[in-house]
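Visitor: To start, I am sharing the structure in question, which I have written as structure tokens.
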Amino acid sequence: MEKVSIIIPTFNEAERLPACLDSIYSLDYPKESLEVIVVDNGSSDNTCLIAGRYPVTLLENRSKNVSGLRNLGAKKSEGQILAFVDADCVVDCDWLKAAALYFH
């Protein structure tokens, strides 16, 4: 399976990020083929602390808008496939498995 990098831009998402990350780590997709990158824009709440409780790559950059955060995550990613998810999203467990049909 192709490695998928899921990139999540954040700013003060402490309340919503756990549900997002829990759903991502519940995906029916091989964990060894999954990379999760949280890119934070200088949150003043516990967003980074919460992200650190999960096996994510955490990047921080206060100078970028949401597009810049996504681009930074993409630049640092190792996956062949990039998926962008907002921190207030909860994905279905078969989301990547269904999407994998269209990767080629």
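Visitor: Using a simple spin-label model with points 7 Å from Cα along the Cα→Cβ vector, what separation in nm is obtained for Asp45 and Val66?
Guide: Distance between label points: 1.5 nm.
Visitor: What lysines sit close enough to Lys97 to cross-link, taking a C-alpha to C-alpha distance under 26 Å and skipping anything fewer than 8 places away on the same chain?
Guide: Of all the lysines, those that pass the test against Lys97 - Cα under 26 Å, at least 8 places apart if same chain - are Lys3, Lys31, Lys75, Lys76.
Visitor: How much accessible area per residue does the chain have, in Å², with a 1.4 Å probe?
Guide: Spelled out: the 1.4 Å probe surface of the chain, per residue, equals 56 Å².
Visitor: So what's the angle, to the nearest 10 degrees on a 0 to 90 scale, between helix 66-76 and the longest Cα principal axis of the chain?
Guide: 60
Visitor: Could you size up the charge dipole of the chain around its Cα centre, putting +1 on the beta carbon of Lys and Arg and -1 on that of Asp and Glu, and report it in debye to the nearest 20?
Guide: 380
Visitor: Taking the radius of gyration and the Kirkwood hydrodynamic radius from Cα positions alone, what is the Rg/Rh ratio for the chain, to two decimal places?
Guide: Here Rg/Rh amounts to 0.95.
Visitor: Please report, as a whole percent, how much of the solvent-accessible surface of the chain comes from carbon and sulfur atoms (probe radius 1.4 Å).
Guide: Taking all protein chains in place, the chain shows 48 percent carbon and sulfur surface.
Visitor: Length gain on complete extension for the stretch Met1 to Asp28, per 0.36 nm per residue less the alpha carbon to alpha carbon distance?
Guide: 8.5 nm
Visitor: Take the chain, connect every pair of alpha-carbon atoms lying under 10 Å apart with a spring to form a Gaussian network, then pick out the residue of Ala51, Ala19, Ala87 with the largest mean-square fluctuation.
Guide: Its mean-square fluctuation being the largest, the pick is Ala19.
Visitor: Considering only DSSP beta bridges whose two residues both sit in the chain, what percent are antiparallel, to the nearest 5?
Guide: Here the antiparallel bridges make up roughly 0 percent for the chain.
The values are calculated or read from the model by the stated rules, or taken from the named source; none is laboratory data. Quick caveat, the model's predicted, so the values are computed rather than measured. Here the Cβ is made from the backbone with ideal geometry for all residues, glycine too, and neighbour counts use every protein chain on show. Protein only, heavy atoms only, side chains kept; ligands, DNA and RNA dropped before computing areas. Shrake-Rupley method; radii C 1.70, N 1.55, O 1.52, S 1.80 Å.
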